[in-house]
Every structure is written in structure tokens, then in C-alpha cells.
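Each remark here refers to the structure printed beneath this line.
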Amino acid sequence: FSELSKEIDEHKTHVTGMLEYYYHFFRGMYEFGRRQYIAAISSYQKAEHKLSFVSDDIERAEFHFKMSEIYYHMKQTHISMHHAKLALDVYIQHELYALRTIQCEFIVAGNYDDMRRHEKALPHLERALARSRDFQNVRFIASSLFNMGNSYYRMGDLDRALELMKESISLFDQNQSDHLRRSIDPLYTAAQILYKQGKHEEALHYREECMKRAEALQDDIHIQKTIFLEALYLKQDAEHIKRIFHFLESAYAYPDIEELALDTAKHYNEMEDYEKSSMFYGEAEHARIYIQRGDCLYEF
């Protein structure tokens with residue numbers, strides 16, 4: 001797509017109306033796949049200005065689904081929920097788009113988790129898992145298990161979360177070539193849980209496998225997050241952790257910084273190193289401020 005976009009840019013004056021919509025829409029999808037979330041939002045916003053050229057309900061639902069997805073990743077919860085509902089209202093009327101309804105359930109559940117309303121998240125995930133099993137879709141079953149595990153993890157039920165992460169990894173690994181990228185998140189979370197439980201030897205297996213796959217995909221953010229696990233739980237290297245946060249900040253990965261900074265602050269608090277704990281609580285607050293300012297990304 002990067003080569004195609006350069007060619008289109010050189011002939012931009014000939015791209016108008018619906019073609020211009022699709023150009024910005026697909027560019028947003030491309031940037032999202034590269035985890036360049038700010039660039040993705042910018043492209044989707046440009047596509048939105050041309051949405052009036054799109055009359056098909058399903059095509060408009062696809063746009064709202066992608067908007068809900070990107071704003072979920074940027075922790076813009078209410079904007080994400082708005083777009084998810086607009087997409088879901090269309091998808092549920094079309095049986096052929098049943099898998100898209102499952103993906104919308106994931107986003108709705110993720111937003112509820114971000115609002116700490118886990119009791120509202122789990123029914124959406126249970127429904128998604130049941131429908132995924134009806135379709136015998138391994139990818140969606142594995143994703144449902146991962147998302148459910150993530151909910152239990154955020155509720156503090158580490159044993160149940162780890163069990164679900166391992167089930168998810170096992171399913172993704174049935175066809176690793178197709179699901180390599182999707183398997184990284186449960187691998188990372190499994191390692192994170194095991195470190196928190198003090199099971200360092202078992203954690204090492206998941207951390208190394210996560211790193212191997214992240215490097216194969218040149219996923220710099222997951223590479224840095226995986227390095228973070230070693231820096232925190234094995235070396236307690238605060239300076240290295242700050243350098244990782246600096247990299248994540250350069251990638252606008254503020255939701256990741258907030259999560260990791262809170263973990264770091266709690267870890268140092270348990271070690272009774274209150275100075276470092278306070279410093280990383282400050283890092284989490286700094287990231288939270290930038291997340292809240294993210295509403296300014298939505299330009300009119």
C-alpha cells in the first residue's frame with residue numbers, strides 16, 4: 001500500500017468523490033495495521049469528510065467499525081462506543097456480517113473494561129465466544145478467549161486470566177503463520193501475569209516467544225513492552241524503564257505508558273521504594289492527561 005499511496009499522491013487531483021473516500025479509508029487501515037494510530041485517525045477523519053458519497057449501509061458500517069476500533073486503541077472510550085453502536089445496528093440486520101458483530105462485541109467489551117465496568121463487558125464476550133464456536137472460527141474463538149482473559153486480568157483474577165491466555169495461545173498456534181500478530185498479545189499478557197505471580201522461569205518461555213514473534217513482525221512497540229518485563233521484574237532498572245517510556249511516547253502510545261507506569265509504581269510500592277513508586281505514578285498521570293487530551297484529535 002505504501003507504494004500505491006505514493007503513486008496516488010502524485011496524481012491526487014484525479015482522485016475525487018468516492019475514490020477519495022476509499023483512498024483515505026484504506027490508508028487509515030494501512031496506518032492502523034502499522035500501529036501508527038495518529039496517522040490512522042487523520043486518514044479516517046479525511047475519509048469521514050467524504051462519507052456522504054457512500055450510500056451503502058454496509059460500507060458506512062465498515063467505516064464506523066474502523067473508527068470504533070482506532071478510538072478504542074487510543075482510549076477515547078465514548079467516541080469508540082458511539083461508532084461501535086452505529087456499526088452494530090447495521091451488522092445485526094445482515095446475517096452475512098455475523099463475524100463483524102462479534103468484532104463489535106469485542107470493542108464494546110473493551111470499552112466497558114476501560115470504564116471498569118467488567119460486569120458489563122463479560123456478557124458481550126461470552127456472547128462473542130458462543131457465536132464464534134457456532135461458526136467454528138478458530139481466530140474468533142481465540143480472540144474471544146484472549147479478551148475474556150483480559151477482563152479477568154483487569155479484575156485481578158490472575159489464575160483465570162492466565163488459563164484463558166494459554167487457551168488463546170494454543171488456538172492461535174494451530175495456524176501460526178496466519179495468526180502470528182494476534183498471538184503476541186496473549187503471549188505478552190501471560191508473561192506479565194506469571195511475573196506478577198513470581199513464576200519467573202515459566203514467564204521466561206512466554207516472554208522469549210513474544211519477543212521472537214514481535215521481532216519477526218518488526219513490531220517495535222511490543223518489542224519495547226517485552227523488554228519492559230525484564231527491566232521491571234528481573235532488573236528493577238528504573239532508568240531503562242524511563243527510556244522505554246520515552247520511546248513509547250514518541251510513538252504516541254500513551255495508553256501503553258499509563259498501564260505500564262501503574263504496574264511499575266505498584267511494583268516499587270510493594271518493594272517499599274516509595275520514591276520510585278511516586279515517580280512512576282506521576283508518569284501514569286502524565287500519560288492519562290495526554291489520553292484525555294486525545295479528544296482534540298477529532299477535528300471539525
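Rounded, prolate or oblate: pick one for the stretch 178-248, where a ≥ b ≥ c are the square roots of the eigenvalues of its C-alpha gyration tensor, a/c under 1.5 means rounded, and failing that, prolate if a/b is larger than b/c, else oblate. Taking the square roots of the gyration eigenvalues as a ≥ b ≥ c, the stretch 178-248 is oblate.
Note on the stretch 240-300: Cα Rg divided by 2.2 N^0.38 Å, N the number of residues, gives 1.21.
Dimensions of the stretch 42-195 based on its C-alpha atoms, expressed as ranges along the principal axes with the largest first, amount to 50, 31, 27 Å. Here the residues Ser55, Ser143, ranked from fewest to most Cβ neighbours within 10 Å of their Cβ, fall in the order Ser55, Ser143. Taking all Cα pairs closer than 8 Å and separated by 6 or more residues, the relative contact order of the stretch 70-136 comes to 29 percent.
For the stretch 203-299, the set of trypsin sites (Lys or Arg not before Pro) satisfying both a DSSP loop assignment and a count of at most 15 other C-beta atoms within 10 Å is given as Lys235. Here the chain is treated with +1 on each Lys and Arg Cβ and -1 on each Asp and Glu Cβ, and its dipole about the Cα centre works out to around 340 debye.
By other beta-carbon atoms within 10 Å, ranking Ile169, Ile244, Ile221 with the fewest at the front produces Ile221, Ile244, Ile169. The Cα-based radius of gyration and maximum Cα-Cα distance (Dmax) for the stretch 53-126 are 12.0, 40 Å. The helix-only estimate of mean residue ellipticity at 222 nm for the chain, built from DSSP H runs of length n ≥ 4 each weighted as -39500 (n - 2.57), is -26500 deg cm²/dmol after division by the residue total. Structure shown: which of Lys50/Lys120; Lys120/Lys266; Lys120/Lys166 lie over 30 Å apart, alpha-carbon to alpha-carbon? Violating the 30 Å Cα-Cα cut-off are Lys50/Lys120. Each Cα pair under 8 Å and six or more residues apart adds its sequence gap; the mean of these over the residue count of the stretch 75-208 is a relative contact order of 14 percent.
Taking other C-beta atoms within 10 angstrom as a stand-in for reagent exposure, Asp237, Asp178 fall in the order Asp178, Asp237, fewest first. Ignoring lysines fewer than eight residues from Lys46 along the same chain, the ones with Cα atoms less than 23 angstrom from its Cα are Lys6, Lys12, Lys66, Lys75, Lys85. Relative contact order of the chain: 10 percent, from C-alpha pairs under 8 Å at least 6 residues apart in sequence.
The computed Cα extents along the principal axes in Å for the structure shown corresponds, within (i) 49, 45, 38; (ii) 85, 72, 33; (iii) 61, 43, 34, to (iii).
All of the numbers you see were taken from the coordinates with simple rules; none came from a lab. These figures come from a predicted structure and were not determined experimentally. Cβ atoms come from the backbone with ideal geometry, glycine included; neighbour counts cover every protein chain shown.
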